[in-house]
Amino acid sequence: MIRTTSKFLRFPAARDAWAQCQKSTAAVSSTLDGLPEMPPCDFQPSAHDGMDYDTVMNIRKTNLNPALFTFYRKPVFIHQGYMQYLWDTSGRRFIDLFAGIVTVSVGHCHPTVVRAAEEQMRKLWHTTNIYLHPKIHEYADKLVSKLPGNLKVVYVTNSGSEANDLAILMARLHTGVFECISLRNCYHGASPYLMGLTALSTWRYNSPTGFGFHHSMNPDPYRGPWGGKHCRDSPAQPGRSCDCIEGECHARDMYVDQLEDVLRYSMPKGKVAAFIAEAIQGVGGAVQLPDGYLKKAYEKIRAHGGVCIADEVDSYN
Ligand SMILES: Cc1ncc(COP(=O)(O)O)c(C=O)c1O
């Protein structure tokens, strides 16, 4: 998030006045402390009349799970959101470049989404799939019309973790094999089932969760042993020099060889249930894989009888 530096906020009376959307004629102009001014915005957020900062902090320390943590020495105390903006309780406006935590890809409180949610809340709050209801069918129909190839079946879940739990279970049942492979530095959720699949030490705890999960070397052209300046199908490339000619990628092939080794040495009788990977690793730090890595990895996994799971919880956003 970028902190607003609008001039009126530096005067206590204005700063304490409740939310106000500053209007500037220039989208970016310099202010006294050298930071750019916020773009103009016509939205007026409401005044915050709820708990004050100290009360909230006290409740957080006393009554909430101590594992919850905040960013910044003085955490941002958010009151309202609209599209790309957030306002704190004092009315200070922020541009939210983080999209929540990469989860509100259409912005905060988008009027179309609010309208649809409001309409539904007035009609029906809860039903179950033992009855028919049009909405899930409308959703599935619209979604599959946008998906390529034979991706035509939708299984709706509540969270990314639940989706991955289910995908691994389905892969195991479908193949009759238990062993699964993911990449080091991946994040696929932190449920007891998935913690062993996730390979980021910050999200691993001392608990027996890793049965049947193996991690292959992360194909990261920046931090890994192999990578060159033409590794990726992206405007952002590693700075390393590279002798690869058009259509070749030495790093990709070396990382695929590492996967081949896991298949060869760690899979019972060379059989695998599933390979799961993020198209772009999110929690692990926006890591892009070498161009063509996933295509080759998928070919190998399928040749060993496994299914390939694309976890796009973060990269899609
Ligand atoms: C790639 C990926 N997979 C799975 C998850 C888990 O999703 P959720 O937090 O909705 O359970 C996340 C969450 O950050 C994620 O980034």
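The values are calculated or read from the model by the stated rules, or taken from the named source; none is laboratory data. Small disclaimer: the values here were computed from a predicted structure and weren't measured. When we count neighbours, we look across all protein chains shown, and the Cβ atoms used for this are built from the backbone with ideal geometry, even at glycine.
Before moving on, here are some points about what is shown:
- The residue list Gly305, Gly285 contains one member that is at pLDDT 95 or above and assigned to a loop (DSSP other than H, G, I, E, B), which is Gly305.
- Filtered by the rule that a residue be surrounded by 15 or more Cβ atoms within 10 Å (Cβ to Cβ) and among the hydrophobic types (A, V, I, L, M, F, W, C), the stretch 257-279 gives Leu259, Val262, Leu263, Met267, Val272, Ala273, Ala274, Phe275, Ile276, Ala277.
- Single condition Val313 does not satisfy, out of (1) in a helix (DSSP H, G or I); (2) in contact (Cβ under 8 Å) with a residue 60 or more places away in the chain; (3) within 16 Å of the ligand (Cβ to nearest atom): (1)
- Considering residues of the stretch 227-247 that are within 19 Å of Gly285 (Cα to Cα) and either hydrophobic (A, V, I, L, M, F, W, C) or outside any loop (DSSP other than H, G, I, E, B) (or both) only, the residue nearest to the chain's Cα centre (by Cα): Ala236
Yes/no matrix, rows are residues, columns are (1) more than 23 Å from Gly285 (Cα to Cα); (2) in contact (Cβ under 8 Å) with a residue 24 or more places away in the chain:
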site	(1), (2)
Leu147	yes, no
Tyr187	no, yes
Ser191	no, yes
Leu200	no, yes
Tyr205	no, no
Pro208	yes, no
His214	no, yes
Met217	no, yes
Pro225	no, yes
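- Sole residue being surrounded by 19 or more Cβ atoms within 10 Å (Cβ to Cβ) and more than 16 Å from Ser161 (Cα to Cα), chosen from Asn206, Asn218: Asn218
- Residue that is surrounded by the most Cβ atoms within 10 Å (Cβ to Cβ), among those in the stretch 290-310 that are without any contact (Cβ under 8 Å) to a residue 40 or more places away in the chain and hydrophobic (A, V, I, L, M, F, W, C): Leu294
- Every pair of residues 6+ apart whose Cβ atoms lie under 6 Å, when the first sits in the stretch 91-119 and is without any contact (Cβ under 8 Å) to a residue 24 or more places away in the chain and farther than 28 Å from Asp52 by Cα while the second is part of a loop (DSSP other than H, G, I, E, B) and small (Gly, Ala, Ser): none
- For the stretch 184-203, the set of residues classified as surrounded by 18 or more Cβ atoms within 10 Å (Cβ to Cβ), within 11 Å of the ligand (Cβ to nearest atom) and either among the polar types (S, T, N, Q) or over 15 Å from the mean Cα position of the chain (by Cα) (or both) consists of Leu194, Leu197, Thr198, listed by residue number.
- Among the candidates Met170, Met121, residue that is of a type in the set (A, V, I, L, M, F, W, C) and surrounded by 13 or more Cβ atoms within 10 Å (Cβ to Cβ): Met170
- Exactly one residue among Ala251, Ala297, Ala303 is of a type in the set (A, V, I, L, M, F, W, C), away from the ligand (no atom under 16 Å from the Cβ) and either in contact with a helix residue (DSSP H, G or I) (Cβ under 8 Å, 6 or more places away or on another chain) or outside the structural domain of Glu162 (by TED's automatic domain parsing) (or both), and that residue is Ala297.
- Residues located in the stretch 211-226, provided they are in a loop (DSSP other than H, G, I, E, B) and not hydrophobic (A, V, I, L, M, F, W, C): Gly212, Asn218, Pro219, Asp220, Pro221, Tyr222, Arg223, Gly224, Pro225
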